[in-house]
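Colleague: I have a structure I would like to understand better, so I am pasting it below and will then ask my questions one at a time.
The values are calculated or read from the model by the stated rules, or taken from the named source; none is laboratory data. Worth saying up front: this structure is predicted, and the values here are computed from it rather than measured. Don't worry about glycine lacking a Cβ; one is built from the backbone with ideal geometry, like all the others, and counts go over all protein chains shown. With ligands, DNA and RNA removed, areas are computed over all heavy atoms of the protein, side chains included. Shrake-Rupley method; radii C 1.70, N 1.55, O 1.52, S 1.80 Å.
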Amino acid sequence: MAHVLMAVTGADAIVLTDGTAHPTGFWAEELVELHRGLVAAGHDVDVATPGGVRPTVDPGSLAGDTAALTDYLASIDGLLAHPRALADVRDGEYDAIALPGGHGPMVDLAADADLGRLLVDAVDRDAVVGVLCHGPAGLLSAVRADGSFAFAGRRLAVFTDEEERQGGLGDGSPYLVESRLRELGAVIESGEPWSVTVVNDGSFVSGQNPQSSVATAERLVEVLAAR
């Protein structure tokens, strides 16, 4: 059994390019499927957020027939209501770190020094890291003391710029996660917009979008099983 830290955004709004605040948070399907897959495989999952704040579910992720998602979130409400603070997590404490998306990670996780510290440590000891959709925004925090990006040269999938234009925040997005990661030296391997796309680079697993949630969880479980 692995001990997994799920690093979740604590943001509940993102400021758009026109200066307005847009409600956000974590994307329900992504957190649910990552958590469900890991727990079903026998792994222990803790949740941590910046400052230990209770994470907010992105209201857009609960549009339509989402009763199954809301039921699952209710079943883990105790876990979400009392997350750890990222600052309290020690280097090497977890076997794996998982980052679900939603636009929230662009707001806080992208610049969170404690998450960055934990991710750099994970890379250095080849611990498992799994990211999904906008979750890779959290990778932007992983900058070493010498200014280098810890995930430079690593292959990954991320919510693409084209998907952001088609069905995300569009021109209102304060920045584009795919482009930012490319600029830092990450190797982006994208599928078609809205396709199920998962990239596995050694101990590093990434999924492109909400449609890739289940497949990303499955691959993460496979990688952990092989450790």
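Colleague: What does the extension gain come out to for residue 22 and residue 88, with contour length at 0.36 nm per residue minus their alpha carbon separation?
Modeller: Taking residue 22 through residue 88 to full extension adds about 20.8 nm, to one decimal.
Colleague: Here's something else I'd like to know. Sorted by packing (mean other beta-carbon atoms within 10 Å per residue), highest first, where do 164-175, 96-107, 28-39, 7-18 land?
Modeller: Ranking the peptides 164-175, 96-107, 28-39, 7-18 by packing returns 96-107, 28-39, 7-18, 164-175.
Colleague: Can you give me the distance in nm between label points at residue 75 and residue 225, each placed 7 Å from the Cα along the Cα-to-Cβ direction?
Modeller: 2.0
Colleague: Okay, moving on. Take every DSSP beta bridge whose two residues both sit in the range 121-227, then give the antiparallel share in percent to the nearest 5.
Modeller: About 45 percent, rounded to the nearest 5.
Colleague: Starting from the Cα of residue 155, step 7 Å toward the Cβ, then list every residue of the range 206-220 with an amide N under 12 Å from that point.
Modeller: The answer is 206.
Colleague: Normalised by the number of residues in the range 98-224, what is the relative contact order in percent for Cα pairs under 8 Å and 6+ residues apart?
Modeller: Normalised by residue count, the contact order of the range 98-224 is 26 percent.
Colleague: Related question: Before I look further, what does the range 1-96 give for accessible area per residue, probe 1.4 Å, in whole square angstrom?
Modeller: For the range 1-96, the per-residue accessible area is 44 Å².
Colleague: Using alpha-carbon pairs under 8 Å, 6+ residues apart, how would you state the relative contact order of the range 1-82 in percent?
Modeller: 38
Colleague: Residue 195 label point, 7 Å along Cα→Cβ, cut-off 18 Å on backbone N: hits in the range 126-164?
Modeller: Hits in the range 126-164 for residue 195 at 18 Å: 133, 155-164.
Colleague: Further question on the same structure: Quote the FRET efficiency, to the nearest 0.05, computed for residue 62 versus residue 218 with a Förster distance R0 of 25 Å and r equal to the Cβ-Cβ distance.
Modeller: 0.60
Colleague: Still on this structure, please answer the following. In the set (i) 32; (ii) 46; (iii) 27, which value of percent of Cα pairs over 26 Å apart was calculated from the structure you see?
Modeller: (iii)
Colleague: Among 112-119, 72-79, 180-187, how do they line up by average Cβ neighbours within 10 Å per residue, starting with the highest?
Modeller: In descending order of packing, they fall as 112-119, 180-187, 72-79.
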